[in-house]
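The values are calculated or read from the model by the stated rules, or taken from the named source; none is laboratory data. Since the structure is predicted, the reported quantities are computational estimates derived from the model, not experimental observations. No Cβ is skipped: glycine too gets one built from the backbone with ideal geometry, and neighbour counts run over all protein chains shown. These accessible areas exclude ligands, DNA and RNA; they are computed on the full protein's heavy atoms, side chains included. Shrake-Rupley method; radii C 1.70, N 1.55, O 1.52, S 1.80 Å.
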Amino acid sequence: MNPRQHVVLGWQLALCFTLLVGLCALAIGLYVANARQHVGANYTALVADVVRAQQHSSLLRSELLAVNAPTWNPDAERFENMLWRTRQHLQGVTHGLTHSQLDPQYYRTPLARLQEAHNSLPELEARIDEAMANRSHEAMLELGLALENDLAWA
């Protein structure tokens, strides 16, 4: 192989390497652009809302189970605050799901369960008030645990 062929071969290899690097850069750029479109702030906020909503169902369960303790001291403000936060997070998760780019078939069932849970909150508030007034808490427990189950499932 003469020196001229070495130079031509070197340029050909450099050109192939440059094309390969360019194609890789193009593929990475398309991937990043696509990933940004699907994994944006909306999904991060939605995940945060879902995690917080899961925490609220656990808090609701522990509060309801504490009702059976002999030392239960009803605290209306605590229940009111917990139900308010639950309502806020239900609305946040519902808003996040309905405004996401996800296919509605993937969240239709959980969304229906969340709506059922949201609709049962006023009745639970009434039963909590009743339990605070006369210490009869069976109806509150029944509805509260059903609501907690809906929240946890959804």
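So if R0 is 25 Å, what FRET efficiency would residue 59 and residue 149 give, r being the distance between their Cβ atoms, rounded to the nearest 0.05? List each step's numbers first, then the result.
Numbers: r = 14 Å, r/R0 = 0.57.
So, using R0 = 25 Å, E works out to roughly 0.95.
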DSSP H segments from the chain that extend 18 Å or more along their own axis, Cα-based, with Kyte-Doolittle mean of 0.0 or above: 3-38, 41-66, 138-153
Descending Cα extents along the principal axes, the chain, whole Å: 103, 31, 20
Label point distance in nm, residue 27-residue 133, each placed 7 Å from Cα along Cα→Cβ: 7.0 nm
Listed residues 32, 18, 57: farthest to the positive end of the dipole of the chain (Cβ charges): 18
Estimated distance in nm for a label pair at residue 142 and residue 108, the labels positioned 7 Å out from Cα along Cα-to-Cβ: 3.2 nm
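Give the relative contact order (percent, whole number) for the chain; include only Cα pairs under 8 Å separated by 6+ residues. Intermediate values should be presented prior to the final figure.
On the way: 91 pairs, mean separation 43.5, N = 154.
Taking the mean separation of contacting Cα pairs over the length of the chain, I get 28 percent.
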Accessible area of the chain divided out per residue, in Å², using a probe of 1.4 angstrom: 68 Å²
